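The values are calculated or read from the model by the stated rules, or taken from the named source; none is laboratory data. The shown structure was predicted, so the numbers you read here are calculated from the model rather than taken from an experiment. A quick note on method: Cβ atoms are made from the backbone with ideal geometry, for glycine too, and the neighbour counts reach across all protein chains shown. Surface accessibility is based on the protein's heavy atoms, side chains included, excluding ligands, DNA and RNA. Shrake-Rupley method; radii C 1.70, N 1.55, O 1.52, S 1.80 Å.
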Amino acid sequence: MQLLNTLYVTQPESYLRLENDTLCVEIEHKVRLRVPLHHLAIVVCFGHVGLSAPLMHRLADEGIGLVLLDDHGRFKARLEGGTSGNVLLRQAHHHRVDDAVFTLNTARTCVAGKIKNARQVLLRGAREAKSTTDGAALTRAADDLAAALRGLPVTVDLDALRGFEGVAARQYFAVLNLIVRPDLRTHFAMDGRTRRPPRDRFNALLSFVYAMWMNDCRSAVEAAGLDPQIGFLHAVRPGRAALALDLQEEFRPLADRLVLTLINRGQVAPDGFIVREGGAVMLHGDARKAVVVAFQERKQETITHPLLAQPIPLGVIPFVQARLLARAIRGESDGYMPFVMR
């Protein structure tokens with residue numbers, strides 16, 4: 001399976017245009033990058049980026065997705081050509097959502113995958129903690145998540161399941177800051193999860209990396225021929241890619257690990273952020289570029305898929321999981337199995 005290429009444009013005031021069969025990126029009226037269209041699967045633009053109409057038409061003709069995000073990485077719009085997914089699979093998908101048992105079981109596995117992976121983040125943090133106090137607190141939180149996992153099977157409906165997931169998330173984020181290097185905790189303090197907009201540097205980083213994972217998960221869902229708007233865990237709302245959000249849940253802790261690595265290694269410094277009027281915090285241009293580069297490098301790393309038992313680049317895992325979900329929807333497997341890291 002090939003890892004499809006994604007072009008992330010993070011430089012403010014960039015302008016993208018078409019030149020024959022090549023996408024050109026101009027900054028201050030100078031071409032800084034040329035990328036042949038056949039090398040691209042998706043183009044993701046952050047913030048104020050200009051595009052020519054001929055380029056947008058050509059991207060649609062070639063089946064290359066165009067995603068527009070704001071400065072915080074929040075989804076704004078997506079341009080794509082005609083849908084070529086399997087209509088029979090989409091029919092089965094829509095019917096499965098009406099099956100209360102299948103929907104609840106699938107939603108449970110999404111939450112279970114997220115909690116298991118989150119627990120691994122805490123356990124790893126506890127093992128590497130320099131302070132016995134921090135290590136003990138992280139271990140206790142990991143035990144709490146283990147208890148949450150044991151309680152998942154007794155949830156009787158989606159509302160109860162979502163409430164369960166919310167409690168586990170609060171327990172997790174309450175201690176996540178303890179994995180940050182002690183000398184950086186003041187700069188990257190985190191008082192719970194804040195979004196739209198993020199209110200601190202840690203949350204700004206999380207939101208940014210989550211947005212990139214979300215884009216990959218939506219692409220994976222569409223590549224598998226599923227309907228990204230119809231989810232099992234997340235409620236259906238106009239404009240919300242609910243199924244992509246479902247798939248993203250198990251990958252959020254991987255995003256958290258990347259953010260912690262970027263902070264602890266000093267790849268993103270405290271001065272790489274801008275505080276806007278009203279308290280919103282966003283990444284500065286150079287810091288944003290560093291995060292994108294680290295994200296792309298991380299996706300190239302090879303890991304062994306626990307179900308397939310074979311090495312796969314991390315960036316391909318969402319595509320594998322989307323196909324496993326499609327098999328479950330068709331009834332070809334006994335339910336969906338989330339990706340669980342070790």
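In segment 301-320, is there at least one residue being in contact with a helix residue (DSSP H, G or I) (Cβ under 7 Å, 6 or more places away or on another chain), modelled with pLDDT under 85 and over 30 Å from residue 106 (Cβ atoms)? The answer is no, given that none of the residues of segment 301-320 is in contact with a helix residue (DSSP H, G or I) (Cβ under 7 Å, 6 or more places away or on another chain), modelled with pLDDT under 85 and over 30 Å from residue 106 (Cβ atoms).
Within segment 168-187, residues that are without any contact (Cβ under 8 Å) to a residue 40 or more places away in the chain reach partners that are surrounded by fewer than 20 Cβ atoms within 10 Å (Cβ to Cβ) and of a type in the set (S, T, N, Q) with beta carbons closer than 9 Å, at six or more positions or on different chains, in the pairs 185/177.
Would segment 54-61 turn up any residue that is crowded, with 18+ Cβ neighbours inside 10 Å and in contact with a strand residue (DSSP E or B) (Cβ under 7 Å, 6 or more places away or on another chain)? The answer is yes, given that some residue of segment 54-61 is crowded, with 18+ Cβ neighbours inside 10 Å and in contact with a strand residue (DSSP E or B) (Cβ under 7 Å, 6 or more places away or on another chain). Screening segment 190-205 for residues that are touching a residue at least 12 places away in the same chain (Cβ under 8 Å) and open to solvent by 50 Å² or more (accessible area, probe 1.4 Å) and picking the one that is farthest from residue 46 (Cα to Cα) gives 193. Has segment 91-98 got at least one residue that is on the phi > 0 side of the Ramachandran plot and buried (at least 18 other Cβ atoms within 10 Å of the Cβ)? No, the conditions are met nowhere in segment 91-98.
Restricting segment 104-132 to residues that are in contact with a Leu (Cβ under 7 Å, 6 or more places away or on another chain) and over 23 Å from residue 258 (Cβ atoms), the residue that is least open to solvent (accessible area, probe 1.4 Å) is 107.
Residues that are touching a Pro at 6+ places or on another chain (Cβ under 9 Å), among the aromatic types (Phe, Trp, Tyr) and surrounded by 16 or more Cβ atoms within 10 Å (Cβ to Cβ) number at least 1 in the following strands (runs of 3 or more DSSP E) confined to segment 1-52: 42-46.
Every test in (1) farther than 19 Å from residue 57 by Cα; (2) modelled with pLDDT of 85 or more; (3) in contact with a strand residue (DSSP E or B) (Cβ under 7 Å, 6 or more places away or on another chain) is passed by residue 23 save one, and that test is (1).
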